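Enquirer: Here's a structure for you.
Derivation of every value follows stated rules applied to the coordinates shown; laboratory data play no part. Remember, predicted model here, so these are calculated numbers, not experimental data. Ideal geometry is used to build each Cβ from the backbone, glycine not excepted, and the neighbour counts take in all protein chains shown.
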Amino acid sequence: MSDFNNESVAAIETTLNDVDRALERLRVGAYRTCQVCNIPIDDAELVANPLLANCPAHPELA
Ligand SMILES: [Zn+2]
């Protein structure tokens, strides 16, 4: 096998979960809304990170 270890798999699973949640937010029309304080997220922030679920006021959740 290759160099993949449990950490690599965990990182991939985290990314997949983030993609799933981003797609779900797109489906329900909440994609551009901060999941914590419900304000719109800047387009520039979403361009920098399309999987962003929260505005920059919550860096610990990014
Ligand atoms: Zn927020």
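Enquirer: For helix 6-28, what angle does its Cα long axis make with the longest principal axis of the chain, in degrees from 0 to 90 and rounded to 10?
Expert: 30 degrees
Enquirer: Suppose the chain between R27 and A10 were pulled fully straight at 0.36 nm per residue; how much longer would it get relative to their current alpha carbon spacing?
Expert: Details: separation 17, 0.36 × 17 = 6.12 nm, distance 2.56 nm.
Result: 3.6 nm gained on full extension.
Enquirer: Taking C-beta distances below 4.7 angstrom as the pairing criterion, name the unpartnered cysteines of the chain, in sequence order.
Expert: C37
Enquirer: Can you tell me the mean projection area, over all orientations, of the convex hull of the chain's alpha carbons? Units nm², please.
Expert: Working: hull surface 20.7 nm².
Taking a quarter of the hull surface, the average projection is 5.2 nm².
Enquirer: Where does the charge balance sit around P56 when Lys and Arg score +1, Asp and Glu -1, over other residues with C-beta under 9 Å from its C-beta? Before the final figure, lay out each step's value.
Expert: Working: positive: none; negative: D42, E45.
Result for the neighbourhood of P56: -2.
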